[in-house]
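The values are calculated or read from the model by the stated rules, or taken from the named source; none is laboratory data. Not measured: the values here are computed from a predicted model. Ideal geometry is used to build each Cβ from the backbone, glycine not excepted, and the neighbour counts take in all protein chains shown.
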Amino acid sequence: MLDQSKNIFYRIGTSTIDTFDIFGQLPNFRVLEKNKYTSIVGCCMTFIIGTATLIYLVAEITALLHKAEPKVVTSELQIFDSTSFPLYNDNFTLAVTIATKNSEPILGQLKYYNLTMSHCIRERQLNETTGKVQVTLNCAQLPIAPCVTEDFDNELQKEFFKNTRLGVVQCINRTRLRNNPPVLQGQISGYKYQYLVIELSICKNNTEYQGCAPIEEIKKVLSAGHYSVYASDYLMQLDHPGTPYQQLINLDINSFSISTSKMLQWTYRISETHTDDGFLFSTDKIDLNLKKQDRREYTELYNDDYLVYHYIQLDYKETIYQRSYIKIQTILSKIGGIWQLFILITSLILNPLISNLMTISIANELYRFPNSNKQRQKNIEIINLQQSDQVLDVQEQIRRSRETNTEDKLSTGIYESLLILLGCHKQKRKMFYQVKQEILAQMDVVKIIQKLHEIDLLKFILLNDEQYKLFDLLPKPVLQDEKLQNEDMSNDLVSEAGVQKSFRPFNNKKLQSKNLKDYYCSFSSLQQDKGRSSVDDKLLSMIDRNIIQFFEQIQISQQRHGNLSPLDPLFRSRIDESIIEPKIQRPK
């Protein structure tokens, strides 16, 4: 029971290996003493395809190193309660100036007009007890002052404002921007909404401040003017390998009048860029910026409150860019696909041609092709030689023999082979098709099996019963090392190695088969037969020495029991009694 279970598991394991081993190797045949047929045509096409593929590989590697032509995927999100976006001096520029209609600055802060900047926070809170929503609004005024050179941190700001009269431009206090920057966040319908407000109004005296000019003078100065804002904007440059955007400063000029009230609404959209610039593995580099998305303007009659009311807020959408560059593994997969495509297209054209060239080469090795003109000329030379009784030199005979062998071939080179396939030599083309059909017929599987059957029939006809049985006991061929062949070896080893090279392998498992007794009887009969033939002697000399020793041990055992001759019928009957399977020793 245990042995049966082992056999079942062994068969299951063997079947599993045979089924799932994708690296199993099929036997390979050789053609013209090579593993495959090669030609100059196939070699040239391989070089052409390899060169084209290499050029493509170099172009892709160059694009990878220069990070050119990224793949960009754009998507948008609707936001209500976005994360806060702080406005620092290096990522956002905001400055305001008031000028006349002729663009001359009006130096009248807290005299003719009042310019303020505020950061407002509007929050919604749900009262869980009453279920009502409470809205609170808190606005904190930002300290402003005339701009100075120290207010600008980056090179863009310094370059832009170097030709500007900074004393007439109002900037947010630099310390406040660094320590507590204003923030843009969310939408007015969200739980938390943060925005900026810039308000331009007429200067009015009150109990706390009495520095305003008379109202007639104010109306004269502010009868018409410009409200100008220096604000940041961004250009998206996703094709740049580094930063995917470029910051710029834009001057927005808006007219105002003492008789009107104007409301401005600027909307900035958050652009979030994810960059994957890894050569082999994925990375995620995030860049954020504010891109000016919308600008709206509303004008009405002066409402006795403000001249310009300017909102700066976030857009209700957020744009997300997914930017990625080609990876090394993608390049390799592309190269593999292009290589396979080139090979497939070329194979459709070249395979029939190379197959015919191989057939011509095989035909040149297997057949001779007569040439009537050359044969007639050769016969005339032989007749002339016989008539003149000239003695032909040996080297000349060898040369003519080689020329004859060359002339017997269907073609002498690839150029002539191509001419034959193109139909330039009609007679040779006809012979080619004839020999092609002959070769294909000989390579038929049915034909090969039929030849093997014929070999077995020849063995059965040429060998007697004893010889036929001993034919299965011929040993495996011995593969000799070339160094050992050159050394001084014994004559027996040399003889055995030379003989065994021409015989098929021997399977040791046959000694455990049911025909063991027949093998032994045939061996003993031939060994004791005094009138054996030369074939019998060769068979006996070729049997493996271990098997001979094994059979001789059985002979000694038989002769001890009955001293019978192997030719005696009683000898065969005694074999069944003396040869028991467990007592049989395997050959060493």
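Tabulated values for the structure
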read-out	value
Count of residues meeting criterion [in a loop (DSSP other than H, G, I, E, B) and free of Cβ contacts under 8 Å to residues at least 24 places away in the same chain] in the range 203-226	6
Of all residues making up the range 417-465, the number that are farther than 30 Å from Y519 by Cβ and assigned to a helix (DSSP H, G or I)	25
Any hit, the range 295-303, residues being at pLDDT 90 or above and outside any strand (DSSP E or B)	yes
Residue within the range 7-26 that is surrounded by fewer than 13 Cβ atoms within 10 Å (Cβ to Cβ) and under 27 Å from P352 (Cβ atoms) present	yes
Complete set of residues in the range 233-267 that are over 30 Å from Y113 (Cα atoms) and not in a loop (DSSP other than H, G, I, E, B)	Y234, L235, M236, Y245, Q246, Q247
Qualifying residues in the range 519-551 (those that are assigned to a helix (DSSP H, G or I) and of a type in the set (G, A, S)) - the one nearest to E466 (Cα to Cα)	S522
Pair list, Cβ under 8 Å, 6 or more apart: the range 227-253 residue more than 27 Å from P70 (Cα to Cα), other residue loosely packed, with under 13 Cβ neighbours inside 10 Å and at pLDDT 90 or above	Y227/I253; S228/L251; S228/I253; V229/L251; Y230/N250; Y230/L251; A231/N250; D252/R295
Conditions (1) under 58 Å from the mean Cα position of the chain (by Cα); (2) closer than 25 Å to D304 by Cα; number of the one not met by L107	(1)
Selection status of C147, in contact (Cβ under 8 Å) with a residue 12 or more places away in the chain, touching a Phe, Trp or Tyr at 6+ places or on another chain (Cβ under 6 Å) and not small (G, A, S)	no
Of the criteria (1) aliphatic (A, V, I, L, M); (2) surrounded by 13 or more Cβ atoms within 10 Å (Cβ to Cβ); (3) without any contact (Cβ under 8 Å) to a residue 40 or more places away in the chain, which one A52 fails	(3)
Exclusive hit being hydrophobic (A, V, I, L, M, F, W, C) and in a strand (DSSP E or B), set L314, L280	L314
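Residue-by-condition table, conditions (1) within 29 Å of the chain's Cα centre (by Cα); (2) on the phi > 0 side of the Ramachandran plot; (3) of a type in the set (A, V, I, L, M, F, W, C):
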site: P241; (1), (2), (3): yes, no, no
site: P244; (1), (2), (3): yes, no, no
site: Q247; (1), (2), (3): no, no, no
site: I258; (1), (2), (3): no, no, yes
site: L264; (1), (2), (3): no, no, yes
site: T267; (1), (2), (3): no, no, no
site: E272; (1), (2), (3): no, no, no
site: D276; (1), (2), (3): yes, no, no
site: S282; (1), (2), (3): yes, no, no
